[in-house]
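Step one of this worksheet: look at the structure below.
Please treat every number below as a calculation from the coordinates, not as lab data. Everything numeric here is computed off the predicted structure, so don't read it as measured data. Here the Cβ positions follow ideal geometry from the backbone for every residue, glycine too, while neighbour counts run over all protein chains shown.
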Amino acid sequence: MRLAASLAAPLLLVETVFLSACTMSPPPPRPRPTRMVRRPRAPAPEPPPTPASIAAEAETDADARSTAQRMMHEWLEGLPSAPTRSGRHRVVLVRCAQEAREAGPQLAVQLQMAPYDPDVLVRWAQHVVRRYVTTDGTELTYPRQFPTVHFGAQSLSTSGIDLAGRSHRGLRDLEVDVHLVHVEEWTRRELRPLGIGAYSDHRLGPFAVGVGADEGSVSVSFAETDESPRQWRAEGGRALPDGLHHRWAGSAVRVMDANGRQLSNRGGGGSGGSTSVGFVPAPVGDAAISTPLIAYPVTISLDLPVRWRFEDGTYSFHDIPLAPPGD
């Protein structure tokens, strides 16, 4: 009996363990690791259009030029303006600001003609700001200033105007003189055909012209020499109005390739007597990734005024706020 009992005890223990194993619930499933899903970043908001971005967009194609002109028109509509005598155009006050200088704050002013009209140009003059009156009563008439005509003779700026050595909260009155040129007849001068290479003995109207051309770009330089105006007058050409100098020629010149495609003027620089500008094919679609080649020969042309009339006017603006210099 003891032997039977001693043998039965281990069997009972094994059976108990076996039954416990059979009835035990399976362990809970292990949780799967969470996958990190990267969401695409929201695109950064596009900056508001500026005159420079609008002009750059206009270089692509006809649709972009039409859109750019509309954007420029809308942008100018929201700025102070005064109608010209003819009533067809407006003088728009694009910028009036205080600039920090060692001698004290100085006033800078920029004006723009609207709407764009290729037959109406701005003429350079010694004075643009005729008179200003600050909000505290400081008044100055015909102050010393440095006018510049730019953007194809459609815009006029002046700077370096003394503000009595201190900053001001605003201008109560601002009077500006603008001298317009209404061109009634144009003549076109061309250089053609020009292949790859360097050329230095050409002339367009009263300007000496140099050209450098390679597979992907064309550079054109204009200089005012003593010889070129004499040759131009000998051909019956008139001296151009003030402001239509070599810088204006650099903005007005056009370059067409052999496929009839107008190259894009990318601007340039120069000195007191010459200006050089560069031209490349306007990027279209995927062509912006690489610089396309130019189809030679190219034609370089410049439209010059032959007959014109002047229009001089004084325009007034009032209650112009001025931010502190440097803001």
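Quote the Stokes-Einstein diffusion coefficient, in whole µm² s⁻¹, for segment 235-274, based on the Kirkwood radius over alpha carbon pairs, a temperature of 25 °C and a viscosity of 0.890 mPa s.
Values: Rh = 12.4 Å.
Taking Rh from Cα pairs, D becomes 198 µm²/s.
Can you give the FRET efficiency to the nearest 0.05 for residue 82 and residue 214, using r as the Cβ-Cβ distance and R₀ = 41 Å? Let's see the in-between values first.
Numbers: r = 47 Å, r/R0 = 1.14.
Computed FRET efficiency for residue 82 and residue 214 comes out at 0.30.
Quick one: net charge around residue 208, please, counting Lys, Arg +1 and Asp, Glu -1 for every other residue with C-beta under 14 Å from its C-beta. Walk me through the numbers before you get to the answer.
Details: positive: 189, 203, 230; negative: 201, 224, 226, 227.
Once positives and negatives cancel, what remains is -1.
Please give the direction-averaged projected area of the C-alpha convex hull for segment 87-153, in square nanometres with one decimal.
Numbers: hull surface 23.3 nm².
Average of the hull's projected areas for segment 87-153 equals 5.8 nm².
Given an 8 Å cut-off on Cα distances and at least 6 residues of separation, report the relative contact order of segment 185-308 as a percent.
Working: 253 pairs, mean separation 43.2, N = 124.
Over segment 185-308, the number comes to 35 percent.
Nearest 20 debye, what's the magnitude of the dipole of segment 136-253 about its Cα centre given +1 on Lys and Arg Cβ and -1 on Asp and Glu Cβ? Could the numbers behind the result be given before it?
On the way: 12 positive and 17 negative charges, 12 e Å.
Using only the charged Cβ atoms, the result is roughly 60 debye.
Once you list every other residue whose beta carbon is under 12 Å from the beta carbon of residue 122, what net charge do they have if Lys and Arg are +1 and Asp and Glu are -1? Before the final figure, lay out each step's value.
Values: positive: 123; negative: 117, 177, 242, 311, 312.
Here the count lands on -4.
Calculate the spin-label point distance for residue 101 paired with residue 199, positioning each point 7 Å from the Cα along the beta-carbon direction, and give it in nanometres.
Calculated label separation equals 4.3 nm.
Hey, rough spin-label estimate for residue 262 and residue 323, points 7 angstrom out along Cα→Cβ, what's it come to in nanometres?
3.4
For segment 119-260, what number results from the quotient of the Cα radius of gyration and 2.2 N^0.38 Å? Before the final figure, lay out the partial values.
Working: Rg = 20.3 Å, N = 142, 2.2 N^0.38 = 14.5 Å.
Expressed relative to 2.2 N^0.38 Å, the Cα Rg reads 1.40.
Pulled fully out, how much extra length does the chain show between residue 135 and residue 235, if you take 0.36 nm times their separation in residues and subtract their Cα-Cα distance? If you can, show how the numbers build up before the last one.
Details: separation 100, 0.36 × 100 = 36.00 nm, distance 5.43 nm.
Net length gain for the segment: 30.6 nm.
From a point 7 Å beyond the Cα of residue 190 in the direction of its Cβ, which residues of segment 244-261 have a backbone N at a distance under 19 Å?
252-261
Please compute P(r) over all alpha-carbon pairs of segment 185-308, binned at 10 Å starting from zero, and give each bin as a whole-number percent.
Histogramming segment 185-308 at 10 Å steps yields 13, 45, 31, 10, 2 percent.
Please identify which residues in segment 237-278 have an amide N closer than 20 Å to a label point set 7 Å out from the Cα of residue 293, following the Cα→Cβ vector.
Counting backbone N atoms under 20 Å from the label point, the list is 256-264.
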